[in-house]
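A.B. asks: Have a look at the structure that comes next, please.
The values are calculated or read from the model by the stated rules, or taken from the named source; none is laboratory data. Predicted model only: the values in this text are computed from it and were never measured. Because the Cβ atoms are built from the backbone with ideal geometry, glycine has one as well, and the counts that use them run over all protein chains shown.
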Amino acid sequence: MIVGVPMETVAGERRVALVPDLVAMLKKAGLDVVVQTGAGTAAGFLDAAYEEKGARISASVLPEADIVVKVQPPSLDEVGLLREDAVLIALLQPYSQFDALSALAARRVTSFAMELMPRITRAQPMDALSAMSTVAGYKAVLLAASRLPKFFPLLMTAAGTLTPAKVFILGAGVAGLQAIGTARRLGAVVEAFDTRPAVKEQVESLGARFVELPLDTKNAEGKGGYAKEQTDEFLRKQQELLTKSVAAADVVITTALVPGKKAPTLITAAMVQAMRPGSVIVDLAAEQGGNCELTQPGQETVQHGVTIVGFTNLPSTLAFHASSMLARTFVNFLLIMVKDGKLNLNLDDDVIRGPLATHQGQIVHDAIKTAMAAASRAP
């Protein structure tokens, strides 16, 4: 069987779905690897590096590949190039890329949306979403530090003592915890808030102070450890209580996402206006509408003297390590389905069934079908 690695065609995407160091693992499992010419160049992986590890370089890989590993969802043209009954492993953006998913089903492609990997212990080595959140949390702090007109650490100089920056992290999932650790390493004073009280110990273990609010958060954690969507009244009260912490911060990094839903608004326009001029907000939820009311997805703006960074796809800006981490999750997942060079789709296995999006001509994942039905009813 042939594993194909195409070049990404989405504008600004620099990652690649397989790195040279992992080719040997696939070859050992009895698989051949074909990489499209230049597929890894933007991430720092040259064609020669793949060839040295035993991969073949080709101008086109989709028509001949039995299994395709890809970063971004395929375009409709790319779906048309896939072999019928091929297998696709990718970040399919399953709650928004409905046309691509429908086309994959029509093409009888068995596709896996790696964002839907179940959050169970056995699946941790295949958790692509957490891997990319790690990259995004780290990069968010660097973006903030490069825009803040202050030092992050405490500095005692001949010209006087400079107080450390205050960083406030909203959301203590994987991205938030990585942001806390990075900001602390840069010397900032860090506070963090999350609706899930269970993360308090993790926040404090990284040297940050956990901000506790008088809110009923006993039902704040949903299936798989993700934050659960809250009522409008809960969000309104949360905004009121967070106003003081946001206003006191030099940097606010927001990371709150609810799978398949618009990102909750945690920072209102009034809260931005209350911040000091020169402060910075980095909104990691920008791609899903943003946690800040004034975020413009894909852009950096200045509102009320506050810089608001709404860049999307931050992992692509650190393409070398992001590709290495993402590829490892893809290969780990693929190898649990391969035996003696052949694919064995054991759909009784939760780890295989969990991210399965399309199979045998149908969209099979319940959450995707629910999201598609909701979108069709939307005005």
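A.B. asks: For region 1-20, give me the residue count where each residue is part of a loop (DSSP other than H, G, I, E, B), without any contact (Cβ under 8 Å) to a residue 60 or more places away in the chain and over 19 Å from L88 (Cβ atoms). Let's see the steps before the verdict.
C.D. replies: Going through region 1-20, the residues part of a loop (DSSP other than H, G, I, E, B) turn out to be 1, 6-19.
Remaining after also requiring without any contact (Cβ under 8 Å) to a residue 60 or more places away in the chain: 7, 11.
Among the residues that remain, those that are also over 19 Å from L88 (Cβ atoms) are: 11.
Counting residues in region 1-20 that are part of a loop (DSSP other than H, G, I, E, B), without any contact (Cβ under 8 Å) to a residue 60 or more places away in the chain and over 19 Å from L88 (Cβ atoms) gives 1.
A.B. asks: P297 is checked against (1) out of contact with any Ser or Thr (no Cβ under 9 Å at 6 or more places or on another chain); (2) in a loop (DSSP other than H, G, I, E, B) and fails just one. What number does that condition carry?
C.D. replies: The number of the failed condition is (1).
A.B. asks: Residue by residue through region 135-150, note down the ones that are over 18 Å from E13 (Cβ atoms) and touching a residue at least 24 places away in the same chain (Cβ under 8 Å).
C.D. replies: Our first condition is that a residue be over 18 Å from E13 (Cβ atoms); within region 135-150, this holds for 137-138, 140-150.
Matches in region 135-150: G137, Y138, A140, V141, L142, L143, A144, A145, R147, L148, P149, K150.
A.B. asks: While we're here: Where the second residue is in a helix (DSSP H, G or I) and not aromatic (F, W, Y) and the first is modelled with pLDDT of 90 or more and lies in region 231-248, which pairs have Cβ atoms under 7 Å and are six or more apart or on separate chains?
C.D. replies: Once the first residue is modelled with pLDDT of 90 or more and sits in region 231-248, its partners that are in a helix (DSSP H, G or I) and not aromatic (F, W, Y) give T243/M271; V246/M271.
A.B. asks: Here is a further query. Only one residue in A29, A11, A43, A49 is in contact with an Asp or Glu (Cβ under 9 Å, 6 or more places away or on another chain), assigned by TED's automatic domain parsing to the domain that holds K70 and closer than 27 Å to L314 by Cα, so which one is that? Spell out how you get there, then give the answer.
C.D. replies: On the way: A29 fails: closer than 27 Å to L314 by Cα; A11 fails: in contact with an Asp or Glu (Cβ under 9 Å, 6 or more places away or on another chain); A43 fails: in contact with an Asp or Glu (Cβ under 9 Å, 6 or more places away or on another chain).
Result: A49 is the single residue among A29, A11, A43, A49 that is in contact with an Asp or Glu (Cβ under 9 Å, 6 or more places away or on another chain), assigned by TED's automatic domain parsing to the domain that holds K70 and closer than 27 Å to L314 by Cα.
A.B. asks: Now for a different question. Restricting attention to region 111-144, which residues are charged (D, E, K, R) and modelled with pLDDT of 95 or more?
C.D. replies: First pass over region 111-144, keeping only residues charged (D, E, K, R): 115, 119, 122, 127, 139.
Within region 111-144, E115, R122, D127, K139 qualify.
A.B. asks: OK, next. Mind listing just one residue for me: the one in region 283-294 that is part of a loop (DSSP other than H, G, I, E, B) and of a type outside the set (D, E, K, R) and, of those, nearest to V272 (Cα to Cα)?
C.D. replies: Residues of region 283-294 that are part of a loop (DSSP other than H, G, I, E, B), as a first pass: 284-285, 289-291, 293-294.
With of a type outside the set (D, E, K, R) added as a condition, the list becomes 284-285, 289-291, 294.
Numbers: L284: 16, A285: 16, G289: 17, G290: 14, N291: 12, L294: 8 Å.
Ranking the candidates gives L294 first.
A.B. asks: Picking from L129, L142, which residue would you name as being of a type outside the set (K, R), in contact with a helix residue (DSSP H, G or I) (Cβ under 8 Å, 6 or more places away or on another chain), within 26 Å of V272 (Cβ to Cβ) and assigned to a helix (DSSP H, G or I)?
C.D. replies: Details: L129 fails: within 26 Å of V272 (Cβ to Cβ).
L142 is the lone residue from the list that is of a type outside the set (K, R), in contact with a helix residue (DSSP H, G or I) (Cβ under 8 Å, 6 or more places away or on another chain), within 26 Å of V272 (Cβ to Cβ) and assigned to a helix (DSSP H, G or I).
A.B. asks: Still on this structure, please answer the following. Which numbered condition in (1) without any contact (Cβ under 8 Å) to a residue 40 or more places away in the chain; (2) in a loop (DSSP other than H, G, I, E, B) is the only one that R108 fails?
C.D. replies: Condition not satisfied by R108: (1).
A.B. asks: Taking into account only those residues within region 85-102 that are buried (at least 22 other Cβ atoms within 10 Å of the Cβ) and not in a loop (DSSP other than H, G, I, E, B), which is farthest from the chain's Cα centre (by Cα)?
C.D. replies: Applying the filter and picking the extreme gives V87.
Residues are listed down the side, and each one gets a yes or a no for (1) acidic (D, E); (2) out of contact with any Pro (no Cβ under 7 Å at 6 or more places or on another chain); (3) at pLDDT 95 or above:
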residue: P153; (1), (2), (3): no, no, yes
residue: T157; (1), (2), (3): no, yes, no
residue: A165; (1), (2), (3): no, yes, yes
residue: L170; (1), (2), (3): no, yes, yes
residue: A175; (1), (2), (3): no, yes, yes
residue: I180; (1), (2), (3): no, yes, yes
residue: R184; (1), (2), (3): no, yes, yes
residue: E191; (1), (2), (3): yes, yes, yes
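A.B. asks: Residues that are crowded, with 17+ Cβ neighbours inside 10 Å, of a type in the set (G, A, S) and touching a Ser or Thr at 6+ places or on another chain (Cβ under 8 Å): which helices (runs of 4 or more DSSP H) entirely in region 311-379 hold 3 or more of them?
C.D. replies: Numbers: elements: 319-335, 350-353, 366-377.
Hits in region 311-379: none.
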